[in-house]
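Structure first, then comments.
The values are calculated or read from the model by the stated rules, or taken from the named source; none is laboratory data. Nothing here was measured: the structure is a model prediction, and the numbers come from that model. With ideal geometry, Cβ positions are generated from the backbone for all residues, glycine too; neighbour counts draw on all protein chains shown. Just the protein is used for accessible areas: all its heavy atoms, side chains included, with ligands, DNA and RNA removed. Shrake-Rupley method; radii C 1.70, N 1.55, O 1.52, S 1.80 Å.
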Amino acid sequence: MNSLWDPAQAAAINDDALAMRVYSSRLLGQNEDLVMHGGGNTSVKALGRDFFGDEVDILYVKGSGWDLKTIEKPGFSPLRLRETQRLAKLKTLSDDDMARQLRAFLLDPRAPSPSVEAILHAVVPFKFVDHTHTDAVVTLTNNPNGQSIIAELFPDCLILPYVMPGFILAKQVADAIAKHDLIQFKGIILMHHGVFTYANDAQATYENMIELVNRADQYIATHGVTNHPTRSAEVDLLRLAHIRQAVCRCRGRAQIAMLDASGAAAGFASLTNVASLATRGPITPDHVIRAKRTACIIDSKTPENRAIDTTVPEVARFANDYRSYFQRNTNGNLTMLDSAPRWAVWKNVGTIALGSTLKDCRIITDLNRHTAAAIQTGESLGGWEALPEKDIFDLEYWVLEQNKLAASGPVKTHQGKIAIVTGAASGIGRATAIELHAQGAVVVGLDTNAAVESVLAADGLIGRICDLTDADAVKEQTENTVTQFGGIDILVLNAGVFQTGQTIEEASTTKDDSAIWAQTLAVNLTASQKVLSHAIPYLKRGWEASVIIVGSRNALAPGAGASAYSVSKAGVTQLARVAALELAADGVRVNVVHPDAVFDTGIWTDEALRASAERYNMTVEDYKTKNLLGCNIRAKDVAAMIATVAGPVFSATTGAQIPIDGGNERVI
Ligand code: ZN
């Protein structure tokens, strides 16, 4: 690991202590082997002024919710240093009191809540303090001989046994400082936790960290193995969807299942003792908040009977084990968290991150990669040994850690669900994709129009070019979606073409009549049937699965001159009715919405609108609102309806046809 310190950049910062703090914190944050996803924390002590202009000693410490990789000045909480130091002199301090007092000591009440290690930072009598949970050092401490390896390797460091972070750790360090002058040490090594370095100079603080980590890296390179086996894996997508469904059931809500079948993940999952390795505990206890203490171990074999079981025994076993773990360790005053796994080792295939959002899943995937590597390295060094489960439990149920997760806000209606929307480049399809995404779903929008890629381009809102009349392309996109996110819960069949102006008689004399008829039925009816049939096996293994077919008022109240369109929409409506009958037993709902007069769609050009209005002897405005309610129906109104039908409000409704047409006498 090389020092990233750039003397020119550092010199340009001059003597702005907080800017220097930002600079070197980001250097630490850039290296995943030092800190990951909000892990680690840093601080600087500086003289500042309060509101009255009086000089005050300030501790700027990393605020919660900020990441060292991207931190900026406002990410550091300005605390009154003396008062913060004084907290370490108390005999006891409850979590509530600590959090409240730290907030009370802020010079700016709008600042983020200070790190739970703020008191520790305050008592270290140096200007700069860096703290990381570096893989290399922690791997050496998670070893049966960890104590002696660390003592031998770091004779110039203060080595402290594991205690609970927060006030207890701050007291431990304060007591050690009372006995030893920290100046004689390069840093502090906390067993099973991480490293602190400190100096009055940012560069020395940072470079001491790099030096200590390099020492651990070199020890590992000499005594252990860091080249871990890799292999390729074959993925049974139906089983993946089934695993995901079982996890959703266990969690009580939709979860994304992000499979990592990379060579390294598959290699780890193929180790003969992986079930033991992945259930001994995390690299550092703070991972427990995101990943729980152990992985769920999933057997590689697909059950011979493909019938859909209501449980995946491995997930049920994980939940049972979690309940026992809670019972063994609770003090009687705690409420058990959900018992669903956050990651799984799928034997011979890879690892699966399980979470409510893509962000959660990516963080868990990163943690898994580091954990798998650290565990294998640890084994080669004499055995991987995590902290006793009671210590990990205490951290998992530490209210200050749980608060961090709670800060992520309420769960959205379609959070964690996976949706496919056809015809998503414009109009109702595009609006529906955007609406489902806004309500928390991961959405894949398909369209022949290449614009789909640019109109749906956000995290979890993906546009893919797909000719829905091409069965292979449909299969590929369906499978891609499952590979990426673990399943399919919502299918919106919206793609459609509309050609009008011909009576049946006229069509028979027109050269391209059969082309219009064939194309309309191919896109509006047959393609929908194809997408549906490819998606059904996954929908059956989905969570609160729902199919919504976009029909048309024409299906119920056809108009002259649009036979192909009306027939295709009547056909797709009948398809939905049959699907509702076939899929109800598997909990998959199928409903139809019948929009009418939605003019902000790809089908309606200004010219087509004018022509239609003329045919009725109306102005365009009157034509647009020629329904009983006299209302304008927009694509986003239909999208909101579709998202609602896909959601819990309609959980007891299948086979229904819901008009969204402003009221039509012929339909009523
Ligand atoms: Zn820490």
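Rolling a 1.4 Å probe over the protein chains gives GLU505 an accessible area of about 150 Å².
Convex hull volume of the Cα atoms of the range 7-223, normalised per residue: 124 Å³. The Cα center of the range 94-133 and the Cα center of the range 181-242 differ in position by 25 Å. Per-atom-type breakdown for the range 237-405 gives carbon and sulfur 49% of the accessible area (1.4 Å probe, protein chains only). If I fit a long axis through the Cα atoms of helix 313-329 and take the longest principal axis of the Cα atoms of the chain, what angle between them do I get, 0 to 90°, rounded to 10? So the inclination is approximately 40 degrees. Considering only alpha-carbon pairs that sit under 8 angstrom and 6 or more positions apart, the relative contact order computed for the range 7-223 is 20 percent.
What number comes out for accessible area per residue over the range 7-223 if the probe is 1.4 Å? Units Å², please.
On the way: 9270 Å² over 217 residues.
Computed with neighbouring chains in place, this is 43 Å² per residue.
May I ask you to derive the relative contact order of the range 343-444, considering only C-alpha pairs under 8 Å and at least 6 residues apart, and to give it as an integer percent?
Result for the range 343-444 is 18 percent.
Find the percent of Cα-Cα distances in the range 237-405 that exceed 22 Å, and round it to a whole number.
Values: 5741 of 14196 pairs.
For the range 237-405, the share of Cα pairs beyond 22 Å comes to 40 percent.
When 1/r is averaged over all different Cα pairs and the result inverted, which Kirkwood radius in Å belongs to the range 417-516?
Details: mean 1/r = 0.0692 Å⁻¹.
Mean inverse Cα-Cα distance, inverted, gives 14.5 Å.
How big is the antiparallel share of DSSP beta bridges in the range 7-223, given as a percent to the nearest 5? Rounded to the nearest five, the antiparallel share is 85 percent. For the range 237-405, the per residue solvent-accessible surface stands at 37 Å², with DNA, RNA and ligands left out and a 1.4 Å probe. For the range 376-394 versus the range 16-88, the inter-centroid distance based on Cα atoms is 31 Å. Lysine pair count for the range 237-405 (Cα-Cα distance under 23 Å; residues 8 or more apart in sequence or on different chains): 7. Sorted largest first, the principal axis extents computed over the alpha-carbon atoms of the chain equal 100, 66, 51 Å. A 1.4 Å probe, protein heavy atoms only, puts the accessible area of LEU532 near 10 Å². Counting only alpha carbon atoms, the long axis of helix 563-583 and the longest principal axis of the chain meet at about 50°. Here the accessible area is traced with a 1.4 Å probe on the protein chains. For the range 478-593, carbon and sulfur cover 56 percent of it. Beta bridges assigned by DSSP with both partners in the chain are antiparallel in approximately 50 percent of cases.
What order do LYS624, LYS359 take when sorted by accessible area (1.4 Å probe), most exposed first? Numbers along the way, then the final one.
Working: LYS624 50, LYS359 135 Å².
Most to least solvent-accessible, the answer reads LYS359, LYS624.
The GLN147 and ALA12 beta-carbon pair, evaluated with R₀ = 41 Å, returns a calculated FRET efficiency of approximately 0.40.
By a 1.4 Å probe calculation restricted to protein chains, LYS186 has an accessible surface near 60 Å², given to the nearest 10.
Tally up the carbon and sulfur contribution to the accessible surface of the range 7-223 as a whole percent, 1.4 Å probe, everything protein left in place.
On the way: 4720 of 9270 Å².
Of all accessible area on the range 7-223, carbon and sulfur atoms account for 51 percent.
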